[in-house]
Amino acid sequence: MCGKKDRNNVNADHIFPVSLGGPEFDLSNVQTLCVECHKAKTQKDQKLIAEVRAKWKILSKNKSLAGWFR
């Protein structure tokens with residue numbers, strides 16, 4: 001839990017985003033957050049995902065570096 005008192009209004013959240021390789025069905029990668037905290041974490045996750053994808057795009061274009069990530 002995120003620490004909020006309202007346990008009746010929570011969302012399930014992947015601690016490590018599935019789109020970045022986090023396990024989708026592993027309970028150790030799941031937490032519950034209130035709606036407000038979940039929204040804030042999702043926004044942070046989306047920024048991280050965009051950054052990782054942008055860096056991967058740059059690295060994959062550079063043939064000498066791309067081999068390191070396969």
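The values are calculated or read from the model by the stated rules, or taken from the named source; none is laboratory data. Remember, predicted model here, so these are calculated numbers, not experimental data. Glycine gets a Cβ as well: all are built from the backbone with ideal geometry, and neighbour counts include every protein chain shown.
The table for this structure:
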{"read-out": "Answer residue from the range 1-35, given it is assigned to a loop (DSSP other than H, G, I, E, B) and of a type in the set (Asp, Glu) and is farthest from residue 47 (Cα to Cα) among those", "value": "6"}
{"read-out": "Single residue of the range 20-38 satisfying the filter (surrounded by 13 or more Cβ atoms within 10 Å (Cβ to Cβ) and of a type in the set (S, T, N, Q)) that is modelled with the highest pLDDT", "value": "29"}
{"read-out": "All positions within the range 8-18 that are modelled with pLDDT of 95 or more and not hydrophobic (A, V, I, L, M, F, W, C)", "value": "13, 14, 17"}
{"read-out": "Failed criterion for residue 43 (all others in (1) at pLDDT below 90; (2) part of a helix (DSSP H, G or I) hold)", "value": "(1)"}
